[in-house]
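The values are calculated or read from the model by the stated rules, or taken from the named source; none is laboratory data. All values reported here derive from a predicted model rather than from experimental measurement. Counting neighbours? That spans all protein chains shown, and the Cβs are built from the backbone with ideal geometry, glycine included. Accessible surface is based on the protein model in full, side chains and every heavy atom, while ligands, DNA and RNA are left aside. Shrake-Rupley method; radii C 1.70, N 1.55, O 1.52, S 1.80 Å.
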Amino acid sequence: MRMMNTDLRAEPAATATENLPAVELRGVRRTYGKHGTAVNALDGVSTRFPDAGWTAVMGPSGSGKSTLLHAAAGLESVTSGEVLLAGTDITAASDEELTSLRRDTIGFVFQNFNLIGSLTAEQNVALPLRLGGQRVSTRDARDVLASVGLADRSRHRPRELSGGQRQRVAIARAMITRPAVLFADEPTGALDSSSAKSVLALLRDMVDTSGQSIVMVTHDPAAAAWADSVLFLSDGRIVDHAHSPTAPGVAERLAALEV
Amino acid sequence: MLRLSASTFREQWQLFLGSILTVAIGVALVQSSLLILVTAATLEAPAGLSTLERAQLMDSYALAIPVVGITLALALFLTIFIVSSTFAFTVAQRRRDLALLRLTGGNRKQLRKLLLGEAALLGLVGTALGVPLGLALMRLQSQLLVMFGFLPAGFRPGWQHWIFAVSVGIGLGVALAGVLAASRRAGRVRPLDALRGTGDEARVMTASRWFVGMVFLAVAVALIIVAQSVDPSGAMPLMMLVTLAAAVGLSTLSPLVVPVFGRVLGLLFRKHTIGTLAAANVRDGVRRNAATAAPLIMLVGLLVGLLGTSFSSTAASEQTLHRDTAADLVVTSPADEAHRIPGVQAVANASVEVDVPLVMTNVEHEEDALGGAMESGNARVVDPDDYLRAHRVQPVAGSLEQLHGQAVALGPGRSGELGYSIGDTVHLKIGDRQLQLPIVAVLPTTPYGGPDLLLPKGIAPESVLPSATAQTFVSTVQGADPAAVGDNIRTAVPGTVDSVDAWVQQQAAAEQDTQLRIFTVLLGMASLYALFAAINAVVVITAADRRSEFAAARLSGLTRRQVVRMAVLESETVTAIGILLGGVAATGTILGMRGALERMSGVGVVELPWLAIGALVAGAFLVVGLTSLWTARSATRMSPISLVSDE
Ligand SMILES: Nc1ncnc2c1ncn2[C@@H]1O[C@H](COP(=O)(O)OP(=O)(O)OP(=O)(O)O)[C@@H](O)[C@H]1O
Ligand SMILES: [Mg+2]
């Protein structure tokens, strides 16, 4: 077992001197429902997702992983606490500010792809730039699709693609704006292991060659092993943190949490 | 952005085709009514007619103008109502795609621009179809008007160049207006909603929806109250507004009722899996079910409400006519033969009444010598003493006993409308005789109407009498058998003799007939339009919204037949909601009319058009059921697995 640097504190001391974190959460709390039946989906979470790093978020079902991701990306408001994206507090950001963040700074990949069914792969990929008011040549979109290995599928509609291919289109769509932070919620959840591998390799490449950051929720220890570090959530709290994870090590900790 | 619209268009063509057709039909209806109206309003009587003939001709056209005018108003109203509810609904259907646009960096303005751009496109395409459709419809509508005698044979409304601008304006205007509120709501779609499947909006009953619904219901109630203090002839158009306002109000508030019906359905089919499922669907799809119910509410409200109003007022006039007629027999004969009736054996009283056409000149309003304020009317020439014995009427002012020599009484026909009161002088022309007569009595208005004026015997020139028809109200002497007296009259006078019962029934039937013609013109096209909107809602919902849901149901073990049955059951429940709420709107209308009738005549009756109601209810269930059967079958034709997967 090669699991190292186990640290139950939310914030690893080592990152303190590094440059600005991509995303920082300070005492974030998210409560759903009314007083009587309230659920604390996030219960005081503080952490930093390092710049040019890939952080996996794991935990039992219902532990608050998706909520954490949505809060960090400004998709979900938080009940209390602060969320900082590239140093700016987005807790009270206006819709325009959040929209422009989504355009320029962050990207999303989700388990169920979320492509627009009526658009071809290349139109889906070009969409974020078009929405940003940029003229996109078909070449640009095709180049990005080629980089995810789908050069010959650019004119297909989502339903004519396999699950793995759709997810790669979604990643291409997220890549085209070169977001500083990519948020991914179970991006390989619906894929077989070889499709998953090609998707994960693409993500790894984004971090290593372009210096982008990734926050990825996953249930799969093998997927988590591709990341630089892993956060473990349970009942809305960060309960563990691992660096340079391996699949068996992650699986073991996860099993311990789910008992 | 436009590319996105175009490709969405290719994908979800049913959604857009429905919107285009709703715009097209609306534009066609409005354009057709408008062209007929302007042509009828500028109709000129042919040269070479006498003043009387001209006035009569213009008057018969003049009846067409309010009928077509109300048809036009109704068409415009329905177009706005149906287009805006269809468009709002199609926007709601695309929530997930819109949220996805937000997720990939679209801002609110872009979303609104997209939706408004689409609406403009659909509005224009709809108009392009609507203009030629309107021309075809115009031919149909004017044929109907000619057939029913509202317009002269050979009436041919012409094309006006400006109508094109009007039609484009209406098509574009209703489409944009329809999507405006919906696009604002769509702008509030949260990006996160893209991750939550195609669910309905969490809250359908927004504050503004409450507000709009309540305002319309309040307007309906206020109009009912106002209608209590106007004449039934004036109450009738008000009742139409009541129906419209109530139907809009109830459609807006219908999301409150939908879940209740879902629960009722659930209770009815407690032990029945498909029924329970359908009940859950009714409750879950509040918005789509409210959208299907809306045109049905309008349809049922209008048809039942207005036909019920008409039937009730006919029933009231039948009852009051019976009450006010003291005679036993009514003889219809040539005017110059009627003088022999009083001489027939066992006749106690015979009120010979001859209707003569005339031209009235309203001197106070006269502007040009060529008859700007001239209108045709009809007077009934009577013997006041006989008249008082044959009819149980009390003047509201003056006394009929003074109706002798040079005098006139305002009859029940239009006494309110003409703007005269007791003591005024009426300028009129009968045949070639000019008369200026003082008003000595004013008769009350009645539900059954009557002549505009009563004139004393001997005042009309002899020349008009031979061509006229007389109605003679005969009372028999005590103890005589009216039937035998009738036979005696028949042998003495050429003409027909009816018992009062039969005569009253004939009058009522004739009135009913006229009203039915008016309502056929008014409501025919409008009803078909509303029915189309209901069908469209079912088609759009099934095609756009429910494929994957049906597929999921089949994957969890339902057979195709069960899925179809579930869909039909759900649609029929929604039909029931539409019919019931429409019935509520109609009830308000009919009760409002009953109040107005009762205040005027003392007779408060409600007569329902049961045949029409039965046909409407059966037709609505049948049409919606068949549509739902057909769409559910075609939506489940493909293997379910190809539809549950994403997109
Ligand atoms: N919109 C919501 N309304 C109410 N409760 C919610 C909502 N979203 C999430 N929750 C609750 O918050 C808690 C955390 O949910 P979350 O989706 O973050 O879990 P998760 O860790 O992503 O689970 P999974 O691995 O199953 O996706 C759960 O108990 C969930 O029921
Ligand atoms: Mg989750």
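Of these, A:ARG159, A:ARG166, which one is outside any strand (DSSP E or B), facing chain B (nearest Cβ under 10 Å), in contact with a Pro (Cβ under 6 Å, 6 or more places away or on another chain) and more than 15 Å from B:LEU103 (Cβ to Cβ)?
Values: A:ARG159 fails: in contact with a Pro (Cβ under 6 Å, 6 or more places away or on another chain).
After ruling out the rest, the residue left standing is A:ARG166.
For the condition buried (at least 21 other Cβ atoms within 10 Å of the Cβ) and in contact (Cβ under 8 Å) with a residue 60 or more places away in the chain, what is the one hit in B:VAL440, B:VAL408, B:VAL381?
Numbers: B:VAL440 fails: in contact (Cβ under 8 Å) with a residue 60 or more places away in the chain; B:VAL408 fails: in contact (Cβ under 8 Å) with a residue 60 or more places away in the chain.
Exactly one residue qualifies, and that residue is B:VAL381.
Pick from B:ALA326, B:ALA316: which is in contact with a helix residue (DSSP H, G or I) (Cβ under 8 Å, 6 or more places away or on another chain) and either assigned by TED's automatic domain parsing to the domain that holds B:VAL352 or farther than 30 Å from B:ALA75 by Cβ (or both)?
Numbers: B:ALA316 fails: either assigned by TED's automatic domain parsing to the domain that holds B:VAL352 or farther than 30 Å from B:ALA75 by Cβ (or both).
Sole residue among the options that is in contact with a helix residue (DSSP H, G or I) (Cβ under 8 Å, 6 or more places away or on another chain) and either assigned by TED's automatic domain parsing to the domain that holds B:VAL352 or farther than 30 Å from B:ALA75 by Cβ (or both): B:ALA326.
Count, please, the residues in segment A:128-143 that happen to be aliphatic (A, V, I, L, M) and more than 14 Å from chain B (Cβ to nearest Cβ).
Matching residues across segment A:128-143 total 0.
Residue by residue, here is whether (1) over 23 Å from the mean Cα position of the chain (by Cα); (2) within 30 Å of B:ASP284 (Cα to Cα) holds:
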| site | (1), (2) |
| --- | --- |
| B:GLU572 | yes, yes |
| B:THR575 | no, yes |
| B:ALA585 | no, yes |
| B:VAL603 | yes, no |
| B:LEU629 | yes, yes |
| B:SER634 | yes, yes |
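For A:ARG157, are the conditions met, namely being at pLDDT below 90 and under 25 Å from A:THR188 (Cα atoms)?
Details: at pLDDT below 90: yes; under 25 Å from A:THR188 (Cα atoms): yes.
Considered against the rule, which asks whether it is at pLDDT below 90 and under 25 Å from A:THR188 (Cα atoms), A:ARG157 comes out as yes.
In segment A:197-240, what residues are within 16 Å of ligand 2 (Cβ to nearest atom) and of a type in the set (Phe, Trp, Tyr)?
A:PHE232
Residue by residue through segment A:23-48, note down the ones that are open to solvent by less than 10 Å² (accessible area, probe 1.4 Å), away from ligand 1 (no atom under 13 Å from the Cβ) and in contact (Cβ under 8 Å) with a residue 60 or more places away in the chain. Can you show your working first?
Here is the first cut: in segment A:23-48, the residues open to solvent by less than 10 Å² (accessible area, probe 1.4 Å) are A:23, A:25, A:28, A:42, A:45, A:47.
If we keep only those that are away from ligand 1 (no atom under 13 Å from the Cβ) as well, we get A:23, A:25, A:47.
Residues satisfying the conditions are A:VAL23, A:THR47.
If the requirement is being open to solvent by less than 40 Å² (accessible area, probe 1.4 Å), within 14 Å of chain B (Cβ to nearest Cβ) and within 16 Å of ligand 1 (Cβ to nearest atom), which of these qualifies: A:PRO187, A:PRO179?
Working: A:PRO179 fails: within 16 Å of ligand 1 (Cβ to nearest atom).
That would be A:PRO187, the only listed residue that is open to solvent by less than 40 Å² (accessible area, probe 1.4 Å), within 14 Å of chain B (Cβ to nearest Cβ) and within 16 Å of ligand 1 (Cβ to nearest atom).
What strands (runs of 3 or more DSSP E) lie completely within segment A:49-146 and have 2 or more residues being more than 16 Å from ligand 2 (Cβ to nearest atom) and surrounded by fewer than 19 Cβ atoms within 10 Å (Cβ to Cβ)?
A:80-85
Could you please find all residues in segment A:107-127 being more than 7 Å from chain B (Cβ to nearest Cβ) and under 21 Å from B:GLY187 (Cα atoms)?
Answer for segment A:107-127, where residues must be more than 7 Å from chain B (Cβ to nearest Cβ) and under 21 Å from B:GLY187 (Cα atoms): A:GLY107, A:ASN124.
In the set A:ALA222, A:ALA247, which member is under 17 Å from the mean Cα position of the chain (by Cα) and modelled with pLDDT under 95?
A:ALA222
Can you name the residue in segment A:78-101 that is within 14 Å of chain B (Cβ to nearest Cβ) and touching a strand residue (DSSP E or B) at 6+ places or on another chain (Cβ under 8 Å) and, of all such residues, is farthest from ligand 1 (Cβ to nearest atom)? Break it down stepwise before answering.
Keep residues of segment A:78-101 that are within 14 Å of chain B (Cβ to nearest Cβ), which gives A:78, A:90, A:93-101.
Next, only the ones that are touching a strand residue (DSSP E or B) at 6+ places or on another chain (Cβ under 8 Å) stay: A:78, A:90, A:101.
Values: A:VAL78: 13, A:ILE90: 19, A:LEU101: 21 Å.
Across segment A:78-101, the extreme among qualifying residues is A:LEU101.
Would you check if B:VAL91 is more than 14 Å from chain A (Cβ to nearest Cβ) and within 12 Å of B:SER19 (Cβ to Cβ)?
Numbers: more than 14 Å from chain A (Cβ to nearest Cβ): yes; within 12 Å of B:SER19 (Cβ to Cβ): yes.
Criteria met by B:VAL91.
Please work out if B:GLN110 is open to solvent by 20 Å² or more (accessible area, probe 1.4 Å) and within 14 Å of chain A (Cβ to nearest Cβ).
Details: open to solvent by 20 Å² or more (accessible area, probe 1.4 Å): yes; within 14 Å of chain A (Cβ to nearest Cβ): yes.
Answer is yes for this residue.
Being assigned to a helix (DSSP H, G or I), touching an Asp or Glu at 6+ places or on another chain (Cβ under 8 Å) and at pLDDT below 85 narrows it down to one residue among B:ALA40, B:ALA55, B:ALA64; which is it?
On the way: B:ALA40 fails: touching an Asp or Glu at 6+ places or on another chain (Cβ under 8 Å); B:ALA64 fails: touching an Asp or Glu at 6+ places or on another chain (Cβ under 8 Å).
One residue alone meets the criteria, B:ALA55.
When you go through A:LEU8, A:LEU20 one by one, which is the residue that is more than 22 Å from A:GLU186 (Cα to Cα), at pLDDT 80 or above and either more than 14 Å from every other protein chain (Cβ to nearest Cβ) or within 13 Å of ligand 1 (Cβ to nearest atom) (or both)? Steps first, please.
Numbers: A:LEU8 fails: at pLDDT 80 or above.
Of A:LEU8, A:LEU20, the one residue that is more than 22 Å from A:GLU186 (Cα to Cα), at pLDDT 80 or above and either more than 14 Å from every other protein chain (Cβ to nearest Cβ) or within 13 Å of ligand 1 (Cβ to nearest atom) (or both) is A:LEU20.
Wholly within segment B:433-549, which strands (runs of 3 or more DSSP E) include no fewer than the required count, namely at least 2 residues that are aliphatic (A, V, I, L, M)? Before the answer, list the steps.
Values: elements: B:433-442, B:453-456, B:469-476, B:496-499.
In segment B:433-549, B:433-442, B:453-456, B:469-476 are the strands (runs of 3 or more DSSP E) which contain 2 or more residues that are aliphatic (A, V, I, L, M).
Here's the yes/no breakdown for (1) in contact (Cβ under 8 Å) with a residue 40 or more places away in the chain; (2) open to solvent by 20 Å² or more (accessible area, probe 1.4 Å); (3) polar (S, T, N, Q); (4) closer than 20 Å to A:LEU182 by Cβ:
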| residue | (1), (2), (3), (4) |
| --- | --- |
| A:SER213 | yes, no, yes, yes |
| A:VAL217 | yes, no, no, yes |
| A:ALA223 | yes, no, no, yes |
| A:ARG237 | yes, yes, no, no |
| A:ASP240 | yes, yes, no, no |
| A:PRO248 | yes, yes, no, no |
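Using the structure shown, decide if B:ILE70 is surrounded by fewer than 24 Cβ atoms within 10 Å (Cβ to Cβ), out of contact with any strand residue (DSSP E or B) (no Cβ under 8 Å at 6 or more places or on another chain) and more than 14 Å from B:GLY187 (Cα to Cα).
Spelling it out, B:ILE70 is indeed surrounded by fewer than 24 Cβ atoms within 10 Å (Cβ to Cβ), out of contact with any strand residue (DSSP E or B) (no Cβ under 8 Å at 6 or more places or on another chain) and more than 14 Å from B:GLY187 (Cα to Cα).
Please state which one of B:ARG139, B:ARG185 is open to solvent by 20 Å² or more (accessible area, probe 1.4 Å), part of a helix (DSSP H, G or I) and free of Cβ contacts under 8 Å to residues at least 60 places away in the same chain. Steps first, answer last, please.
Numbers: B:ARG185 fails: free of Cβ contacts under 8 Å to residues at least 60 places away in the same chain.
Answer to the selection: B:ARG139.
Could you go through segment B:329-344 and let me know if any residue there is within 27 Å of B:ARG517 (Cα to Cα), of a type in the set (Ser, Thr, Tyr) and touching a Gly at 6+ places or on another chain (Cβ under 6 Å).
Initial filter on segment B:329-344 (within 27 Å of B:ARG517 (Cα to Cα)): B:330, B:332.
If we keep only those that are of a type in the set (Ser, Thr, Tyr) too, we end up with B:332.
Imposing the further condition that a residue be touching a Gly at 6+ places or on another chain (Cβ under 6 Å) reduces the set to B:332.
There is at least one residue in segment B:329-344 that is within 27 Å of B:ARG517 (Cα to Cα), of a type in the set (Ser, Thr, Tyr) and touching a Gly at 6+ places or on another chain (Cβ under 6 Å).
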